[in-house]
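Encoded as structure tokens, here's the structure I'll be asking about.
Each reported figure results from applying straightforward, stated rules to the coordinates on display, with no laboratory input. Worth saying up front: this structure is predicted, and the values here are computed from it rather than measured. Glycine gets a Cβ as well: all are built from the backbone with ideal geometry, and neighbour counts include every protein chain shown.
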Amino acid sequence: MNKFSFVLLLSFLFYACSNDDEGLTEQDAIISEYLSAESIDATKTSSGIYYFSISTDADNQGDAVASNDVVSFYYSLSDLEGNLIAEYGEEDGDPLQFKQGVSAVYPVGLDEAVLLMSVGDTFGFILPTDLGYESLNSNIIDSDEIVRIDLTVSDVQSEDAVYEMEVDSILQYIDDNNLNDVSSNPTDVVVQIEESNLFYKTVVEGTGDLTLAGDSVTIDYTLYSLDDVQYATDTDFRFIYGSSDPRALVSGLEEGLALMQSDEQALLLMPSSLGYKESAQIVPSFIAADLAADGIIPDYVITIPPYTSLIFDVTRNE
Amino acid sequence: MLGGFSRSFGQDIYEKYDIYRSPFRVFINKFSFTLTTGYAQTTYSHDLSGVYFFQNAGGQYVFSNQSDIDQTEVVAYGNWLNDPSIGLEFPFGFIESTYDTPYDYLPNPVFNPALADAPVLIDTDETPLSFRGASRGIPVNLSMHFNFKNFRIGGNFMYERHYIRELQPSVLESSIRSYIPNFSATNYIRYGGLLGYKFYEFWNYDFATEVQVGKIKSGSQFNSGVITRGLYTNVGISIENVWSEYFRLIFKPSFEFKNYTIDIPDVTSIKHRYPTFFMQVGVSINIPEIPRSPMKSDHTQLKHVYTDPQTGKRREVRGQPIWKKQNPKVGQNHRRLWRYKKKNKKKLNPY
């Protein structure tokens, strides 16, 4: 009786352990079938991603993607039956961006995939589900769907270069909207804080004290982009200024409030370095709400794209 | 040998022939003593209602949903399972979802564990929220009952070493963390009355149903000042392997219903249900009404009278140990019984 139950236990353990590998090889089998059907010669990485080159710019070999680069890309996403799920190409607008290597892209397989590419390349990737949409709870893409994504890298930049470009865009916006003209846009000119690149303009003068740490502050605000896309608005939003518990506000807003008196209304323009920085890039974008609902990404990722300059129109009430 | 004599008309045989039996033994023989131990699984569950449930990185708290949400100070309590304590006093302004703008960005935002710390505020009257989890324990139970025909009546005492585990939320499992009690182990002590009935016999197996009702006390981890505990009701089937009239092996599955109510000052009362399923094994004995024969070599199978050589006093004794049937019928206590198989294997000619 004892020997038998021991053998039974051992065989159960072996079965349980081997099941993990079975899952992966099952996917490998499906992927291999697809690749041979399409006559594609692909390479497999150690993490299970299959990749192959679709086109490279042989004459004009661009920079290779390095770790922590900001990558600009276009994509086409389909399943292994050839059905197109989503795509974003040159005709749809400016390329999408994400920062490599800081867990700021979904599906996570793209973080690793993009390191294999250079500017100008178009590669195809087949993602296993654990690097794909496994954690997604959505009607549109199944969690056990093996997907093929074709990426085209159009540019690679350092993050500092991106921030510099944002500051230039803000300066351009100030010029275009005549924000420095106090007769048409009262009451004060735009002040640029050199260290942080925060731009501050008083619209309505305030009275009273400046904000101090520990003060209970109430503000009305509207948050929008340089293209006048409104992201959020609220009235009587109350918090304790300068408290790190539970969490701080957007750093640009916190810095700007230090300059504001009670009853003052001001415009705060800031590059994303004072805002949501690299945020996160969700491919395809329409699943972001499902991911946020499941607590896989924070809510702000749904509204605010990576490297977006922000404008706060803030009125400090008390 | 006077065993097997029919009773004389109108006179007890022990009186007639002056055969001594200890009256204490005769009396105590009617009581069965049972000692069992085993495994207990308790499922704690409670519904939250009439409160706001608030969760942040620091913990989970409740406060009355009649609270003026615009007031500066809110007092919220944690540990509502065993010892409600003030966990948080804060101005309402913080009860916002931290990741809605304009709160700060989060580094490494995809799959970031800090997302689980995002504040959650739920009005439990609008979104029904309850917690539920299974915990385990090791019980040691001592009971005594009086046997009358097939009925049994008595009492029991149980000590349970209890190990508590976390409770899972009923809704929003992706944002609400499990409730983790602030202690890992405690003791439960139960004592009460017992009533049972033996309803079936099969070969040497007896089946009896038992109901126990009594009081339960917990360890100091529970703040008894704010807890009102109800009585427990335990219903079980005792499956008894009868070795002799004095000795039985017990296997007893049983199910226990109980609950307690905990008061949170100025907030609410929460009713906690914690039924337990037991699987116990043990032994049950009756103190034999007659002692073993003082002669060591006396293994007489029938109860018989022994005369003390010095005093001439007669008393009834038995020759068998308590786990063997006294006065066995032909075939009982036979050497070929399976429980002697191991011992008999060593003998050259066992049968």
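Cut-off is 10 Å between beta-carbons; in what order do B:TRP323, B:TRP203, B:TRP243 appear when sorted fewest neighbours first?
In order of increasing Cβ crowding within 10 Å: B:TRP203, B:TRP323, B:TRP243.
Give the long-range amide H neighbours of A:VAL250: residues separated by 5 or more places, or on another chain, with amide H under 5 Å away, using H modelled in the peptide plane at 1.01 Å from N.
The list, which skips near neighbours in sequence, is B:TYR103, B:ASP104.
For A:ALA29 and B:VAL283, FRET efficiency with R0 = 45 Å and r from the beta-carbon atoms, rounded to 0.05?
Approximately 0.20, to the nearest 0.05.
Then there's this: Using only DSSP helix segments of four residues or longer, with each worth -39500 (n - 2.57), what per-residue ellipticity at 222 nm results for the protein assembly as shown after dividing by its residue count and rounding to 500?
Calculated mean residue ellipticity at 222 nm is -4000 deg cm²/dmol.
Over the range B:142-239, what is the mean sequence separation of C-alpha contacts under 8 Å (at least six apart), divided by residue count, expressed as relative contact order in percent?
Relative contact order comes out at 24 percent.
With the radius of gyration and the Kirkwood radius both derived from the Cα set of chain B, what is their ratio Rg to Rh?
Taking Rh as the inverse mean 1/r over Cα pairs, Rg/Rh reads 1.22.
Another question, then. Return the distance in nm (one decimal) between the two label points of a simple spin-label model at B:GLU173 and B:ASN327, each offset 7 Å from Cα along Cα→Cβ.
6.2 nm
For the protein assembly as shown, take N as its residue count and report Rg(C-alpha) divided by 2.2 N^0.38 Å.
Its radius of gyration relative to the 2.2 N^0.38 Å reference: 1.51.
In debye to the nearest 20, how big a dipole does the protein assembly as shown give about its Cα centre with +1 on each Lys and Arg Cβ and -1 on each Asp and Glu Cβ?
In total the dipole reaches around 13120 debye.
Once the dipole of chain B is set up with Lys and Arg at +1 and Asp and Glu at -1 on Cβ about the Cα centre, which of B:VAL226, B:LEU195, B:GLY87 lies farthest towards its positive end?
B:LEU195
Could you line up A:SER309, B:SER67 from fewest to most neighbouring Cβ atoms inside 10 Å?
Lowest to highest Cβ neighbour count: B:SER67, A:SER309.
A further question on this structure: Measuring from label point to label point, each 7 Å out along Cα→Cβ, what is the B:LYS30 to A:THR56 span in nm?
9.9 nm
Over 16 Å, how big is the tail of the calculated P(r) for the range A:37-88, in percent of all Cα pairs?
66 percent
I've got another one for you. What number comes out for the charge environment of B:VAL140, summing +1 per Lys or Arg and -1 per Asp or Glu over other residues with Cβ under 12 Å away?
+1
Now for a separate question. Using only atoms on other chains, find how many Cβ atoms lie within 10 Å of each Cβ of peptide B:289-295 and report the average.
Counting other chains' Cβ atoms within 10 Å and averaging over B:289-295 gives 0.
Continuing with the same structure: Can you pull the one-decimal nm distance between simple spin-label points at A:SER39 and B:ALA134, each 7 Å off the Cα toward Cβ?
For the pair A:SER39/B:ALA134, the computed spacing is 5.7 nm.
Who wins for biggest fluctuation among A:LEU210, A:LEU267, A:LEU96 in a Gaussian network model of chain A, springs between alpha carbons below 10 Å?
It is A:LEU210.
Still on this structure: Taking the Cα centre of the protein assembly as shown as the origin and placing charges on Cβ (Lys, Arg +1; Asp, Glu -1), which of A:VAL114, B:GLN310, A:GLY93 is farthest toward the positive end of the dipole?
B:GLN310
To the nearest whole number, what is the average tally of beta carbon atoms from other chains within 10 Å of the beta carbons of peptide A:147-155?
Whole-number average of other-chain Cβ neighbours for A:147-155 is 0.
Along each of the three principal axes of the Cα atoms of the range A:146-217, give the extent in whole Å, ordering the values from largest to smallest.
Here the spans come out as 59, 36, 25 Å, largest first.
Which whole-number percent gives the relative contact order of chain B, counting Cα pairs below 8 Å spaced six or more residues apart?
Relative contact order, chain B: 19 percent.
Below 11 angstrom from the Cβ of A:LEU131, what's the summed charge of the other residues (Lys, Arg +1; Asp, Glu -1)?
Computed value for this residue: -4.
Please report the projected area of the range A:146-292's Cα convex hull averaged over all directions, in nm².
11.9 nm²
Straight-line reach only, C-alpha to C-alpha below 22 angstrom: list the lysines that B:LYS217 could link to, leaving out same-chain residues fewer than 8 apart.
Of all the lysines, those that pass the test against B:LYS217 - Cα under 22 Å, at least 8 places apart if same chain - are B:LYS258, B:LYS271.
Tell me, B:LYS329, B:LYS215 in order of fewest to most beta-carbon neighbours within 10 Å?
Listed from fewest to most nearby Cβ atoms, that is B:LYS329, B:LYS215.
Which net charge results for the neighbourhood of A:ILE149, defined as the other residues with beta-carbon distances under 11 angstrom from its beta-carbon, given Lys and Arg at +1 and Asp and Glu at -1?
-2
From zero up to wherever the largest Cα-Cα distance of the range B:73-172 sits, split into 10 Å bins and tell me the percent of pairs in each.
Per 10 Å bin, starting at 0, the Cα pair percentages come out as 10, 23, 26, 16, 11, 8, 5, 1.
Further question on the same structure: Averaged over peptide A:289-297, how many Cβ atoms belonging to another chain are found within 10 Å of each residue's Cβ?
The mean count of partner-chain Cβ atoms within 10 Å per residue comes to 4.
Just to confirm the filter: which GluC sites (Glu not before Pro) across the range A:65-162 are DSSP coil and have at most 12 other Cβ within 10 angstrom of their Cβ?
Within the range A:65-162, the qualifying GluC sites (Glu not before Pro) (loop, at most 12 other Cβ atoms within 10 Å) are A:GLU81.
Springs between alpha-carbon atoms under 10 Å, Gaussian network over chain B: tell me which of B:ILE176, B:ILE19, B:ILE287 tops the mean-square fluctuations.
The residue with the greatest mean-square fluctuation here is B:ILE19.
So, one more: Check cross-link reach from B:LYS329 to the lysines: straight Cα distance under 28 Å, and skip same-chain residues fewer than eight apart.
B:LYS16, B:LYS30, B:LYS149, B:LYS198, B:LYS296, B:LYS303, B:LYS341, B:LYS342, B:LYS343, B:LYS345, B:LYS346, B:LYS347
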